[in-house]
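See below for the structure under consideration.
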Amino acid sequence: MSPATEDTECRPDSGTDTGIGTGIKIGHALRDARTLLRDISTTPQLDAEILLGHVLKATRSRLRTRLDEHLDADHGQRFSALLARRVRGEPIAHLTGEREFWSLPLHVTRDTLIPRPETEHLVEVALVHLTPDRDLRAADLGTGSGAIALALAKERPRCRILASDISQAALAVARDNARRLGLANVEFRHGHWCSTLSGEAFDLITSNPPYVRRGDARMKQDGLQFEPELALIAGESGLESLHTVITQAWRYLRVGGMLVVEHGFDQAQTVFDLFASCGYDDITAYKDLAGLPRGVFGRRSSPYTVRAAPR
Ligand SMILES: C[S@@+](CC[C@H](N)C(=O)[O-])C[C@H]1O[C@@H](n2cnc3c(N)ncnc32)[C@H](O)[C@@H]1O
């Protein structure tokens with residue numbers, strides 16, 4: 001069983017008590033589901049269509065041409081069980097086992113972060129540095145489902161990418177995603193941040209590390225409680241992983257090589273200063289579509305070792 005299908009099974013204890021399902025028309029099931037999800041989702045219609053589409057193996061547009069068809073018992077029960085889990089706050093991606101990132105359909109499980117749309121900005125920034133006409137070497141630290149590494153691999157077939165994570169379970173999902181997508185220019189390694197890079201020099205290192213501080217109230221909201229703590233929490237300050245990645249990555253970059261990291265919306269100045277104190281040049285902050293500071297990149301332009309960054 002693939003990691004994704006394992007998680008998309010309707011569990012016996014999920015409950016089919018939403019009262020929506022068997023024998024009713026698809027159109028009515030969608031209407032009732034929308035009403036049910038109104039209080040827990042900002043996109044109840046979309047959620048209902050995605051979940052029923054998942055059960056019926058139909059696209060959302062195909063679903064809309066079948067509104068007068070009746071749901072059979074099996075499909076009705078499975079739809080109802082998924083709705084019950086959604087009502088309890090489980091993210092849609094966990095219920096379907098899939099999330100699209102950079103137009104790649106990625107399998108996700110409870111062991112991986114659900115890739116976020118804002119991380120596509122990091123990919124855009126990275127691609128500017130990874131010119132398509134050269135055999136470059138890149139690394140993605142804390143790869144999770146493989147989102148960043150696989151997007152880079154897809155866009156830059158000549159680039160060899162090393163993707164690593166401390167979570168063996170996440171790496172299994174990432175490897176499976178690479179295999180399904182036929183992306184052979186990514187290699188996966190298990191380990192703590194830059195320890196997986198030893199003995200090599202890279203043209204580009206990317207990382208979207210955990211950056212939420214322990215005890216942050218947001219961990220109880222928006223389905224975050226269903227995602228792995230290991231992917232989200234970075235110590236008391238939220239900056240521990242960023243600090244490690246930024247200070248360690250320098251020595252694994254070729255002269256001219258670039259480090260790109262994503263960070264929390266309120267960490268831009270601290271991260272920028274950390275890049276500066278580690279000796280990176282051309283340090284630049286970038287924003288997401290909402291205009292929030294989202295990441296920083298900087299270049300190693302000196303061959304010399306720099307002073308250690310203060311904690
Ligand atoms: C915020 S998630 C990012 C996942 C993926 N890159 C993405 O953008 O969707 C952070 C990832 O860092 C990994 N991680 C946490 N601590 C780590 C460590 N000490 N060394 C390597 N990876 C780590 C987590 O397992 C998780 O997959």
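Observations on the model:
- Single unsatisfied condition, Val125 versus (1) part of a loop (DSSP other than H, G, I, E, B); (2) farther than 20 Å from Ala231 by Cβ; (3) within 14 Å of the ligand (Cβ to nearest atom): (1)
- Residues that are within 12 Å of the ligand (Cβ to nearest atom), among the small types (Gly, Ala, Ser) and either assigned to a helix (DSSP H, G or I) or more than 24 Å from Pro91 (Cβ to Cβ) (or both) do not occur anywhere in segment 198-217.
Conditions (1) without any contact (Cβ under 8 Å) to a residue 60 or more places away in the chain; (2) in a loop (DSSP other than H, G, I, E, B), marked per residue:
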residue: Gly235; (1), (2): yes, yes
residue: Ser241; (1), (2): no, no
residue: Thr247; (1), (2): no, no
residue: Leu259; (1), (2): yes, no
residue: Phe275; (1), (2): yes, no
residue: Asp282; (1), (2): yes, no
residue: Tyr304; (1), (2): yes, yes
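- Test result for Thr59, within 28 Å of Thr119 (Cβ to Cβ) and either among the hydrophobic types (A, V, I, L, M, F, W, C) or under 21 Å from the mean Cα position of the chain (by Cα) (or both): no
- Remark: Arg137 matches the filter, which requires a residue to be more than 13 Å from the ligand (Cβ to nearest atom) and touching a Lys or Arg at 6+ places or on another chain (Cβ under 6 Å).
- Exclusive hit being within 26 Å of Pro228 (Cβ to Cβ), among the acidic types (Asp, Glu) and modelled with pLDDT of 95 or more, set Asp7, Asp13, Asp47: Asp47
- Residues of segment 220-233 satisfying the condition of being within 13 Å of the ligand (Cβ to nearest atom) and not in a loop (DSSP other than H, G, I, E, B): Leu224, Glu229, Leu230, Ala231, Leu232, Ile233
- Where Arg251 falls short, out of the listed (1) modelled with pLDDT under 95; (2) outside any loop (DSSP other than H, G, I, E, B); (3) under 19 Å from the mean Cα position of the chain (by Cα); (4) not aromatic (Phe, Trp, Tyr): (3)
- Residue within segment 198-206 that is under 19 Å from Ala231 (Cβ atoms) and touching a helix residue (DSSP H, G or I) at 6+ places or on another chain (Cβ under 9 Å) present: yes
- Being closer than 26 Å to Ala153 by Cβ, assigned to a loop (DSSP other than H, G, I, E, B) and without any contact (Cβ under 8 Å) to a residue 60 or more places away in the chain is a condition met by at least one residue of segment 93-110.
- Considering Arg158, Arg110, Arg116, Arg134, the condition of being assigned by TED's automatic domain parsing to the domain that holds Arg179 and modelled with pLDDT under 95 is satisfied by Arg134 alone.
- Meets criteria (touching a residue at least 24 places away in the same chain (Cβ under 8 Å), in the same structural domain as Val261 (by TED's automatic domain parsing) and among the β-branched types (Val, Ile, Thr)) for Thr143: yes
- The conditions of being of a type in the set (A, V, I, L, M, F, W, C) and outside any helix (DSSP H, G or I) are met by Ala58.
- Scanning segment 178-193 for residues that are within 16 Å of the ligand (Cβ to nearest atom) and outside any strand (DSSP E or B) yields Ala178, Leu181, Leu183, Gly191, His192, Trp193.
The values are calculated or read from the model by the stated rules, or taken from the named source; none is laboratory data. Computed from a prediction, not measured in an experiment: that's the story for all the values here. Don't worry about glycine lacking a Cβ; one is built from the backbone with ideal geometry, like all the others, and counts go over all protein chains shown.
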